[in-house]
There are 2 protein chains.
Amino acid sequence: MAATIKDVAKKANVSISTVSRVLSNQMHVSSSTYKRIQDAVAELNYIPNSSAVSLVKKSSTTVLYADSFYKGRPYENPHMFDIISGSSHELRKKGYFLGLLDLDCSKEKAEEQIINAIQSKKADGILINGYYVTPAIEKILLATDFPHICIGKPSFDSMLSWIDTNHSLSSNLAITHLVSLGHKKIAFVGGSDKDNIYRDRFLGYRLSLERNNLSPRDAYVIPTSCNLEEIIQHTTELLRLPEPPDSILCFNSLIAVGVIQAIRQFHLRIPEDISIVSFDNYPYAPLITPSLTVVDIDMYSLGTRAGASLLKKIQNPEMLIQTYTALPHLIQRDSTVLHSET
Amino acid sequence: MAATIKDVAKKANVSISTVSRVLSNQMHVSSSTYKRIQDAVAELNYIPNSSAVSLVKKSSTTVLYADSFYKGRPYENPHMFDIISGSSHELRKKGYFLGLLDLDCSKEKAEEQIINAIQSKKADGILINGYYVTPAIEKILLATDFPHICIGKPSFDSMLSWIDTNHSLSSNLAITHLVSLGHKKIAFVGGSDKDNIYRDRFLGYRLSLERNNLSPRDAYVIPTSCNLEEIIQHTTELLRLPEPPDSILCFNSLIAVGVIQAIRQFHLRIPEDISIVSFDNYPYAPLITPSLTVVDIDMYSLGTRAGASLLKKIQNPEMLIQTYTALPHLIQRDSTVLHSET
DNA sequence: CTGTTAGCGCCTTCAA
DNA sequence: TTGAAGGCGCTAACAG
């Protein structure tokens with residue numbers, strides 16, 4: 001049905017190799033035949049068959065994004081999709097496509113999927129959620145010299161390339177802001193020790209306190225799930241301490257909502273009596289009362305950089321890329337400093 | 001580097017066609033050679049080159065999801081990514097991959113991208129956001145008999161296949177709930193006439209009122225943007241009416257947040273004095289005060305169905321699929337009926 | 001049951 | 001500047 005290079009050659013009265021030449025812009029073609037061929041291409045609506053090109057060029061101009069796309073994930077983790085959008089954008093600029101590799105939840109199956117994708121040459125490179133990277137995957141990636149970037153540093157030391165945000169720096173930004181407002185008793189609510197991001201943010205929290213000559217107190221650190229009751233329960237205990245905090249750093253905006261509810265029950269005012277800062281600028285952050293001061297991370301541009309880095313690795317597979325890109329920034333709203341009058 | 005079918009054939013001491021046979025499970029192969037070949041495959045870690053297979057089979061086992069992946073989209077519209085996740089899941093089960101076709105914001109460029117994807121045979125089918133479908137795209141899709149499903153009914157009448165949620169039915173669910181609680185003066189806040197979904201939901205709102213013998217009042221219908229001040233402003237006017245509503249249906253949960261703030265300023269209680277229902281069950285819906293009663297739509301399963309439908313069209317391209325899948329359901333929370341004690 | 005052969009559509013030397 | 005020819009890795013008749 002669709003036109004092939006042969007059809008174009010016939011219509012332009014040249015051989016297929018000449019057509020191929022003008023299509024790949026290798027001049028050495030007389031301007032008259034060049035034009036004839038261009039016309040034929042336009043007339044026939046000719047676009048090269050991508051499988052044939054991939055086969056002979058040994059490149060699919062496709063990159064895979066390997067992650068798990070389970071139901072409801074976009075609601076709990078829109079960040080991930082902003083990263084995908086960013087990398088897609090960057091890749092597209094260079095003529096690459098982004099394909100999704102929907103990883104099975106079972107690690108063995110996921111490994112198999114990745115190996116399969118690499119060996120079948122479905123893609124020229126892979127972006128892969130660092131969380132899913134196992135030593136077995138590292139081995140195959142390294143052995144085949146397959147261009148890759150892990151999104152988020154893998155949980156074990158490795159020679160893989162990765163890119164990550166500086167979560168520790170994010171905490172630092174938040175703490176610096178709170179300290180500048182005169183706060184000295186800063187609590188940290190939410191998250192779980194099992195979470196890499198939590199550990200990094202917690203580290204930044206502690207380091208930043210120390211840097212500001214504030215001694216960290218264990219009672220001020222409260223990991224919790226996102227369950228509303230649990231958050232309220234824990235926050236209540238926190239506020240009942242002999243020396244309650246004067247400000248709270250929340251692991252995410254959902255936690256913040258719970259914390260705020262608990263604070264209301266104590267009839268404390270935000271930000272006059274207690275300030276709140278949280279991570280992640282969800283669309284509702286400015287809408288809740290009080291509007292949330294937030295440390296935001298530009299995930300889209302993380303994706304952009306990941307895409308650009310992968311493109312570099314495709315050019316030069318033995319290059320090692322391991323970077324923290326520091327993109328957090330503070331968005332100041334009513335939960336720390338009163339701006340707007342409602 | 002990677003093994004080819006030739007390597008396997010050599011190692012197993014057979015011809016490549018025999019290898020091909022066992023790989024595609026067309027028996028007619030003696031069990032002894034079968035085993036020899038399997039062993040060779042395993043030993044060499046052989047996986048067929050997908051470009052070569054695509055070229056000869058004329059099928060890439062890839063499907064495209066065409067939409068615009070601009071920065072921040074996942075936060076404003078996580079639904080879209082839940083649909084993507086659902087379709088990816090369905091497709092994967094049948095051995096298909098989902099690739100992203102990141103549409104340019106300019107309609108002409110977007111058309112070009114789609115045409116290019118079809119002609120280059122990069123994919124066997126396409127899922128495409130109905131919003132981006134133009135008559136030009138319809139023409140090429142129909143002319144090439146290219147398997148497609150529009151996600152969301154296109155804005156013009158067409159012979160394309162599409163799948164959509166029954167937004168009108170969603171409204172009906174909400175109204176029925178409110179009426180069952182004894183409400184008679186039901187307002188509808190938020191959305192824009194230019195929005196297809198708005199028009200459908202609005203239609204459902206009106207029809208449902210009529211079905212319940214409630215006469216719609218123009219003053220109760222207030223389209224607005226998601227800007228907080230605007231929402232509050234409009235809601236305030238609504239509440240100042242001689243006969244204010246006893247319940248409000250909000251176009252989405254962001255609107256609901258603004259509406260609730262405005263109501264607070266009037267010192268009205270929710271749900272005692274006024275009830276709130278909104279669309280879309282965002283993660284924060286249960287967290288805000290009061291927790292929101294919501295009509296939720298299972299977008300993941302919409303994706304699942306879209307994927308399944310596309311697969312059918314790939315089998316049978318001339319099949320016409322145009323369905324409203326009715327998946328909304330009501331999640332009852334404190335903004336209409338008091339459940340929990342805080 | 002197995003091997004030979006002819007492509008799929010394109011790129012790329014190598015001659016002319 | 002152009003054309004002929006030989007693959008890329010695989011499948012699918014067609015013989016044997």
Angstrom value of the Kirkwood radius, inverse mean 1/r, which spans all Cα pairs in the protein assembly as shown: 28.0
The range A:228-279: GluC sites (Glu not before Pro) in DSSP coil with no more than 16 other Cβ atoms inside 10 Å: A:272
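Largest first and in whole Å, what are the equivalent-ellipsoid semi-axes of the range A:42-194 based on the Cα gyration tensor, each being the root of 5 times an eigenvalue?
For the range A:42-194, the ellipsoid semi-axes come out as 37, 20, 14 Å.
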Heavy-atom accessible surface of the range A:5-57: percent carbon and sulfur, 1.4 Å: 55
Accessible surface, 1.4 Å probe, highest first, among residues A:338, B:207: A:338, B:207
Ratio of the Cα radius of gyration of the range B:5-57 to 2.2 N^0.38 Å, where N counts its residues: 1.07
Estimated [θ] at 222 nm from DSSP helical runs (n ≥ 4, -39500 (n - 2.57)) normalised by residues in chain B, nearest 500: -13500 deg cm²/dmol
Two-site FRET efficiency, residue B:43 against residue A:219, from Cβ-Cβ distance with R₀ of 45 Å, rounded to 0.05: 0.15
The range A:187-342, Cα convex hull volume normalised per residue, Å³: 136
Shielding of A:77-86 by partner chains, average beta-carbon count, 10 Å: 6
20 Å cut-off, amide nitrogen to a point 7 angstrom out along residue B:77 Cα→Cβ, residues in the range B:112-143: B:112-115, B:126-138
Accessible area per residue, Å², the range B:167-296 with all protein chains present, probe 1.4 Å: 41
Shielding of B:45-58 by partner chains, average beta-carbon count, 10 Å: 6
Ranking by accessible area, most exposed first, for B:296, A:67, A:7 with a 1.4 Å probe: A:7, B:296, A:67
Per-pair calculated FRET efficiency, R0 = 30 Å: residue A:192 and residue B:338 via Cβ, rounded to 0.05: 0.40
Cβ-derived FRET efficiency at R0 25 Å, residue A:24 paired with residue A:143, nearest 0.05: 0.20
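Using DSSP to call loops (not H, G, I, E or B), can you name the trypsin sites (Lys or Arg not before Pro) in the range A:38-83 whose Cβ has at most 12 other Cβ atoms within 10 angstrom?
Sparse-neighbourhood loop trypsin sites (Lys or Arg not before Pro): A:58.
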Volume per residue of the C-alpha convex hull in chain B, rounded to whole Å³: 190
Solvent-accessible area buried by A and B, counting both chains, probe 1.4 angstrom, square angstrom: 5300
Flagged links, alpha-carbon separation over 23 Å, of B:11/B:35; A:6/B:139; A:11/A:58; A:139/B:121; B:57/B:93; A:35/B:57: A:6/B:139; A:11/A:58; A:139/B:121; A:35/B:57
Nearest-first distances (nm) between copies at residue A:77, label 7 Å from Cα via Cβ: 2.3
Accessible-area order (highest first, 1.4 angstrom probe) of the listed residues B:150, A:226: A:226, B:150
Shielding score for A:95-101, defined as the mean number of other chain Cβ atoms within 10 Å: 5
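The values are calculated or read from the model by the stated rules, or taken from the named source; none is laboratory data. Keep in mind that what you see is a predicted model, and the values were worked out from it rather than measured. Glycine gets a Cβ as well: all are built from the backbone with ideal geometry, and neighbour counts include every protein chain shown. Just the protein is used for accessible areas: all its heavy atoms, side chains included, with ligands, DNA and RNA removed. Shrake-Rupley method; radii C 1.70, N 1.55, O 1.52, S 1.80 Å.
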